[in-house]
Amino acid sequence: MFRKWLDHIKLFLIVTLVIIFSKGCYGFSSENIPLSKTKLITSECQIIKHKLGESCIPTNPQSIIVTDQESLEILVALGLKPIAATTANRVGNKAPILKEKIDVIIDLGKESQPNLEKMIQLNPDLILGFFINSQNYQLFSQIAPTVSIDYTETGWKKALLQVANIVNKTDEAEKLLGEYQQRIENLRLNFAQKLGNIEISVMRFYTTIQFTQFLNQLSFPVSILEELKLSIPLTQRQLSSGASVSYENVSLERVDLLEADAMFIALDPGSEENFQKYKNSPLWQKLNVVKNNRVYTVDSGYWIFGNILSANAILDDLVKYLLEAL
């Protein structure tokens, strides 16, 4: 009964904070809030410094909540099983690449609005995620020690090592990266011998946005292509020169920008109708890559953002469509 009472008190405090933040009252001071019972004394935890501050986390956390699918992927790759995770706002989830590596995991809702009540009830000993904003950090920290990790699409290897350090799995991470690098070197030779210097367009179709995008050298999948010494079309590279984002929007009238030797199209859930509009266009049908049947649809769940498991899944697709199909 006492534990249930504590949980109710924690929930009340956090809901109160949510209301305060939503009304724009940011004069909150964590000193006025009783610390969660999950706070640990320094001798029982390790201090992790991050962008939002310092967190004292268990040396071997057992009940981890992740606030995004990429963090989920990393922990699963390292042999851990988080108890709960959010789902992506737009892209597909990681289910195709997690498969039997994880059984049941509690859904906390969308990344943009995780279910705080569920988080409290689960009583985690660590909350981990990429780009946790300061408001959520204040809230999550009342539930359990929270760590926010910076992430760039091309810096996924660094992110893997950062997370591994937090959960004491550095050796496992280095082994995964070593195996991945060996695979890259072997495939690089195969692609060079069988395909030569080909150009590959990587695109994304959204569910609710009517245009498409090609992904540039700042994106996760194109960074993998570059490791294999493959390239996006020169026109795309020139348009993206000096870009600060990983994509360029392409309207139906400019599908000529997508011309390539091969094309990979990452579809968000429910985006098939939008993709069909492009496929029905005479401008689309004039593309040589379309005429040559070198257009391949893939899952945005692991092609748009990801880490070591997604990277290997992309390599699987490249082998399947570009090497084995020859």
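Among the residues of the stretch 201-223, the one identified as part of a strand (DSSP E or B) and among the small types (Gly, Ala, Ser) is Ser201.
Listed by first and then second residue, the pairs with beta-carbon distance under 7 Å, at least 6 apart or on different chains, first residue in the stretch 314-326 and in a helix (DSSP H, G or I), second among the basic types (Lys, Arg) and surrounded by 14 or more Cβ atoms within 10 Å (Cβ to Cβ), are Leu315/Arg183. Being assigned to a loop (DSSP other than H, G, I, E, B) and touching a Gly at 6+ places or on another chain (Cβ under 7 Å) is the filter here; which residues of the stretch 94-115 pass it? Residues satisfying the conditions are Lys94, Asn115.
Could you list, in sequence order, all residues of the stretch 112-125 that are surrounded by fewer than 21 Cβ atoms within 10 Å (Cβ to Cβ) and in contact with a Ser or Thr (Cβ under 9 Å, 6 or more places away or on another chain)?
Across the stretch 112-125, the qualifying residues are Ser112, Gln113, Asn115, Leu122, Asn123, Asp125.
For the stretch 257-274, the tally of residues that are modelled with pLDDT of 95 or more, surrounded by fewer than 20 Cβ atoms within 10 Å (Cβ to Cβ) and not in a loop (DSSP other than H, G, I, E, B) stands at 1. The listed residues are Leu228, Leu189, Leu195, and the only one of them that is among the aliphatic types (A, V, I, L, M) and under 20 Å from Lys291 (Cα atoms) turns out to be Leu195. Screening Leu267 with (1) touching a strand residue (DSSP E or B) at 6+ places or on another chain (Cβ under 6 Å); (2) among the hydrophobic types (A, V, I, L, M, F, W, C); (3) over 23 Å from Glu111 (Cβ atoms) gives one miss only, at (3).
More than 22 Å from Gly155 (Cβ to Cβ), of a type in the set (D, E, K, R) and not assigned by TED's automatic domain parsing to the domain that holds Arg204, is that true of Lys81? Please lay out each step first, then the result.
Values: more than 22 Å from Gly155 (Cβ to Cβ): yes; of a type in the set (D, E, K, R): yes; not assigned by TED's automatic domain parsing to the domain that holds Arg204: yes.
Yes: the conditions hold for Lys81.
Got a sec? Which of Leu160, Leu215 is modelled with pLDDT of 95 or more and not assigned by TED's automatic domain parsing to the domain that holds Asn307? Even if it seems obvious, please write down each step before you answer.
Numbers: Leu215 fails: not assigned by TED's automatic domain parsing to the domain that holds Asn307.
Among Leu160, Leu215, only Leu160 is modelled with pLDDT of 95 or more and not assigned by TED's automatic domain parsing to the domain that holds Asn307.
Out of curiosity, is Leu189 of a type in the set (A, V, I, L, M), more than 22 Å from the chain's Cα centre (by Cα) and in a helix (DSSP H, G or I)? First the steps, then the outcome.
Values: of a type in the set (A, V, I, L, M): yes; more than 22 Å from the chain's Cα centre (by Cα): yes; in a helix (DSSP H, G or I): yes.
When the stated conditions are applied, Leu189 passes them.
If the condition is being farther than 23 Å from Lys286 by Cα and without any contact (Cβ under 8 Å) to a residue 40 or more places away in the chain, then the stretch 232-273 contributes Ser240, Ser241, Gly242, Ala243, Ser244, Val245. Looking only at the stretch 124-140, filter to residues that are of a type in the set (S, T, N, Q) and either under 19 Å from the mean Cα position of the chain (by Cα) or not assigned by TED's automatic domain parsing to the domain that holds Ile57 (or both); which one of those is nearest to Asn307 (Cα to Cα)? Selected residue: Asn133.
Inside the stretch 145-186, can you point out the residues that are among the small types (Gly, Ala, Ser), touching a residue at least 24 places away in the same chain (Cβ under 8 Å) and in a helix (DSSP H, G or I)? Walk me through how you get there before you give the answer.
Taking the stretch 145-186 and keeping what is among the small types (Gly, Ala, Ser), we get 148, 155, 159, 164, 173, 178.
Those still in the list that are touching a residue at least 24 places away in the same chain (Cβ under 8 Å) too: 148, 159, 164, 173.
Passing the criteria: Ala159, Ala164, Ala173.
With respect to the conditions (1) out of contact with any strand residue (DSSP E or B) (no Cβ under 8 Å at 6 or more places or on another chain); (2) within 30 Å of Pro58 (Cβ to Cβ), Phe140 lacks only one, and its number is (1).
Can you tell me which residue is surrounded by the most Cβ atoms within 10 Å (Cβ to Cβ) among those in the stretch 163-178 that are out of contact with any helix residue (DSSP H, G or I) (no Cβ under 9 Å at 6 or more places or on another chain) and of a type outside the set (Lys, Arg)? Steps first, answer last, please.
Of all residues in the stretch 163-178, those out of contact with any helix residue (DSSP H, G or I) (no Cβ under 9 Å at 6 or more places or on another chain) come to 166, 168, 175, 178.
Within this subset, residues satisfying the condition of being of a type outside the set (Lys, Arg) are 166, 168, 178.
Working: Ile166: 21, Asn168: 14, Gly178: 10.
Residue satisfying both the conditions and the ranking: Ile166.
Is it true that Glu226 is assigned to a helix (DSSP H, G or I), assigned by TED's automatic domain parsing to the domain that holds Leu195 and modelled with pLDDT under 95? The answer is no for Glu226.
The values are calculated or read from the model by the stated rules, or taken from the named source; none is laboratory data. Bear in mind that the values here come from a model prediction, so they are computed numbers and not experimental data. Please note: Cβ atoms are built from the backbone with ideal geometry, for glycine as well, and neighbour counts cover all protein chains shown.
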